[in-house]
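Read through the structure below, which is laid out as structure tokens, and then see the notes.
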Amino acid sequence: MKTALITGITGQDGSYLTELLLDKGYTVHGIVRRSSTFNTDRIDHIYADPHEANTRLFLHYGDLTDGQNLTNLVLDVQPDEIYNLGAQSHVRVSFDSPAYTAQATGFGALNVLEAARQLSKHKETRVYQASSSEMFGEVVETPQTEKTPFSPQSPYACAKVYAFHQTVNYRKSYGLFASNGILFNHESPRRGETFVTRKITRAATRIKCGLQEKLYLGNLDAKRDWGYAKDYVEGMWMMLQHDEPDDFVLATGETQTIRTFLDYTFEALDMDWNEYVEIDPRYFRPAEVDLLLGDYSKAKEKLGWEPKTSCKELAELMVQHDLELAQAEANRKTLAG
Ligand code: NDP
Ligand code: GDR
């Protein structure tokens, strides 16, 4: 069976991709960052003691900014497939930490490609690069396709554009099987709590349970093409099973404002968000991406990939999950007196 190496295994997508690959019989190696607190919450339910028999998930310490460490790991593990999902992935934070974002999100991808190039001298390996719809930035055309020019609007997006082009460069220069997935926003109950969808579903359910009074947000007018992360990791895997490396957009082909996501969330709880939401300019960005809407027809035609979950269904499944979390928190408070 195949072996995969995943950077960013502790993130939202890393956790779903690990489940998918283990289900398919892969051995999975993941890179985790050393941290003074546990950062493996999203994969704890699938991680078994490596001393036990039949374990197929292995974790290694490392960091995308440490190229030597990545090359050593890649040469040791000899993966058939490498998924580079690791990144400083928060757009707003990238304005505060532009240099670190460039190192982790941009040069980190170069480190992964260079490690893969070393391995490819001995055996074939395939690389997936987690590219982003943020690279489109300023609206040039809609819907956005693989041919739409990039116009990045943040240090994060600039770093992703660099990584995108290096991926194409390694493909052309060295014949490396390296594909870019240009993924539009995808969310889930495992989404980080500072991204807007999860911030909304966490706050709305906590308000419902009497644990919070207000929700402070920034720009409510931006439009995003939101899909379900579980659907999207399947597309990542499909890209690396394709007969040739290429670049693919994964999206739903529908776009909604933050206001509409608020509608879906609060309606699922029989509440009106206008009573609870306040604007805090702290959450505005120095430059905003106003409209993202993806055309996934190339992925549909060449990979047979299609999204399965609508934005409304996504909001509802996130609400259901977060309501259970909020109810448990409320119960703990009651018990504690
Ligand atoms: P998350 O923010 O949930 O996860 C990011 C992962 O990267 C975490 O495992 C994190 O580790 C790890 N990481 C961060 N910095 C480093 C570093 N210096 N070295 C090694 N690992 C690091 O992101 P998602 O799962 O949502 O996204 C996965 C990838 O896809 C990212 O590259 C993101 O930019 C990209 N993307 C995401 C989209 C989305 O809508 N979710 C859309 C398009 C692209 P830790 O847990 O320790 O913080
Ligand atoms: P995004 O996601 O920047 O699209 O990047 P995020 O959820 O952070 O923002 C989406 C939109 O919501 C607006 N917004 C707020 N955003 C946050 N985080 N917090 C708020 O309080 C808030 N209020 C309004 C934002 O201004 C923005 O317009 C995500 C990340 O996963 C990237 O890594 C990925 O590449 C892209 O999606 C595609």
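The values are calculated or read from the model by the stated rules, or taken from the named source; none is laboratory data. Bear in mind the structure is a predicted one, so any value in this text is a computation, not a measurement. A quick note on method: Cβ atoms are made from the backbone with ideal geometry, for glycine too, and the neighbour counts reach across all protein chains shown.
So which residues in region 167-217 are surrounded by fewer than 18 Cβ atoms within 10 Å (Cβ to Cβ) and within 11 Å of ligand 1 (Cβ to nearest atom)? Once the filter is applied, which keeps residues that are surrounded by fewer than 18 Cβ atoms within 10 Å (Cβ to Cβ) and within 11 Å of ligand 1 (Cβ to nearest atom), region 167-217 yields GLY192, GLU193, THR194, PHE195. Taking region 78-91 as the range and being under 11 Å from ILE6 (Cα atoms) and hydrophobic (A, V, I, L, M, F, W, C) as the test, the residues that pass are ILE82, LEU85. Screening region 38-129 for helices (runs of 4 or more DSSP H) wholly inside it with 3 or more residues that are away from ligand 2 (no atom under 15 Å from the Cβ) and over 30 Å from ARG285 (Cβ atoms) returns the ranges 67-77, 108-120.
Given (1) within 12 Å of ligand 2 (Cβ to nearest atom); (2) assigned to a strand (DSSP E or B), identify the lone condition not met by ALA178. The one condition ALA178 does not meet is (1). Mind checking whether some residue in region 259-270 is within 14 Å of ligand 1 (Cβ to nearest atom) and either part of a loop (DSSP other than H, G, I, E, B) or outside the structural domain of THR167 (by the TED database) (or both)? Checked region 259-270: at least one residue is within 14 Å of ligand 1 (Cβ to nearest atom) and either part of a loop (DSSP other than H, G, I, E, B) or outside the structural domain of THR167 (by the TED database) (or both).
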